Amino acid sequence: MSGLADYAVCEANSRGRRHAEAPPAGRSEFQRDRDRIVHSTAFRRLEYKTQVFVNHEGDLFRTRLTHSIEVAQITRTVARALSINEDLAEAIALAHDLGHTPFGHAGQSALNACMRPYGGFEHNLQSLRTVEVLEEHYAQFDGLNLMHETREGILKHCSPANAAQLGALGQRFLQQTQPCLEAQLANLADEIAYNNHDVDDGLRSGLITLEQLREVAVFDAERGKVEASYPGLAGRRLIHETIRRMINLMVLDLIEQTRANIAEHGVKTLDDVHAAPQLVAYSAALHPRLRELKTFLREKLYHHYQVLRMTDKAKRVVSDLFSAFLADPRLLPPQYQARAKADTPRAIADYIAGMTDRYAMREHRRLFAVGEIH
Ligand code: MG
């Protein structure tokens, strides 16, 4: 790829793939990674996995699939503006949620609680496990055999105990160095995407209101600009015009501050990126305003009693499934029974983590609904 900054990841400075493969014809190695992710089974499952609202609650709410596409779009914009590797950044963005359980964070914390005696469950680590072990697509290897930097980007957090078992990929968590800029970027693009679309979905659901958002400065300021340009604008158009300005504000702030950080730390090469503090960042002025928005979303939306009822039920579904399979692994489908011979709790976690919301509910009915014995 031409026109990349010297601190960008490129094929020449990449640490490559675990299993050697002939270079792809007609596309770059990182395009190939992105394409493998899009063709994976785990990627298609994102369509029916929850972000905040359970999938069947409404057709217009974000799912993990549409969320991942929005993250990829923001990531590509910023990557291009910074002259870093757009294909790599896009691949990381599209893969970042592959390991998510059904029912969003509720499912993740329930599965983590079930797995606590057996090494725990972290969705970032599960995303990596999905692309390294669980996808069964290729003749020559398990997983997708992605480039080192794509895998590095997918693993955005990791406990020291798990990092110690991950070899080269775990090193940065133990040495506390930074991943490539493309990985740093995908992480913050994730945040920009969900902060904004959760406002949108929250309003659409009626669980939060435009009136409540008066107290959130970053929303209110952009709304003021919309109303000044279009007096009397209301409803969906007012909401969308405000949210698109918030996204733009955050993206432009991120680009400007990151450029300043790169210059300030004299970053010239990829090694400099690893040694520097985190470079992809918002300005000090935007930070408190984003914190305020996040606090608002947590208190008014994620902890709304109707959301909590849904997540409470979701946790029960996950832990019921886990207990039933652990009590009798013969209830698992055959391919997971084979995995369970090596490590039963991990095979169960893999099976549950791979479920979509509706599959998990169906499986729960099959196992527990006594009216449906057949
Ligand atoms: Mg995400």
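Table for the structure above
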item: Residue in segment 315-329 that is under 21 Å from the mean Cα position of the chain (by Cα) and either outside the structural domain of residue 203 (by TED's automatic domain parsing) or open to solvent by 40 Å² or more (accessible area, probe 1.4 Å) (or both) present; result: yes
item: Pairs where the first residue, in segment 44-62, is on the phi < 0 side of the Ramachandran plot and assigned by TED's automatic domain parsing to the domain that holds residue 137 and the second is at pLDDT below 75 and assigned to a loop (DSSP other than H, G, I, E, B), C-beta under 9 Å, 6+ apart; result: 61/51; 61/52; 61/53; 61/54; 62/51; 62/52; 62/53
item: Qualifying residue in segment 203-225 (condition: within 16 Å of the ligand (Cβ to nearest atom), touching a residue at least 40 places away in the same chain (Cβ under 8 Å) and open to solvent by less than 30 Å² (accessible area, probe 1.4 Å)); result: no
item: Extreme residue, farthest from the ligand (Cβ to nearest atom), among residues of segment 111-123 that are assigned to a helix (DSSP H, G or I) and open to solvent by 10 Å² or more (accessible area, probe 1.4 Å); result: 117
item: Filtered residue count, segment 226-240, keeping only those that are open to solvent by 40 Å² or more (accessible area, probe 1.4 Å) and under 22 Å from residue 289 (Cα atoms); result: 3
item: Count - residues of segment 279-309 that are over 15 Å from residue 209 (Cα atoms), part of a helix (DSSP H, G or I), touching an Asp or Glu at 6+ places or on another chain (Cβ under 9 Å) and not aliphatic (A, V, I, L, M); result: 2
item: Lone qualifier among 98, 82 - being away from the ligand (no atom under 16 Å from the Cβ) and either modelled with pLDDT of 95 or more or of a type in the set (Val, Ile, Thr) (or both); result: 82
item: Which numbered condition residue 365 misses (of (1) within 20 Å of residue 110 (Cβ to Cβ); (2) without any contact (Cβ under 8 Å) to a residue 60 or more places away in the chain; (3) crowded, with 16+ Cβ neighbours inside 10 Å); result: (3)
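The values are calculated or read from the model by the stated rules, or taken from the named source; none is laboratory data. Nothing here was measured: the structure is a model prediction, and the numbers come from that model. Note: ideal-geometry Cβ built from the backbone for every residue, glycine included; neighbour counts use all protein chains shown. To get the accessible areas, we keep the full protein, side chains included, count just its heavy atoms, and leave off ligands, DNA and RNA. Shrake-Rupley method; radii C 1.70, N 1.55, O 1.52, S 1.80 Å.
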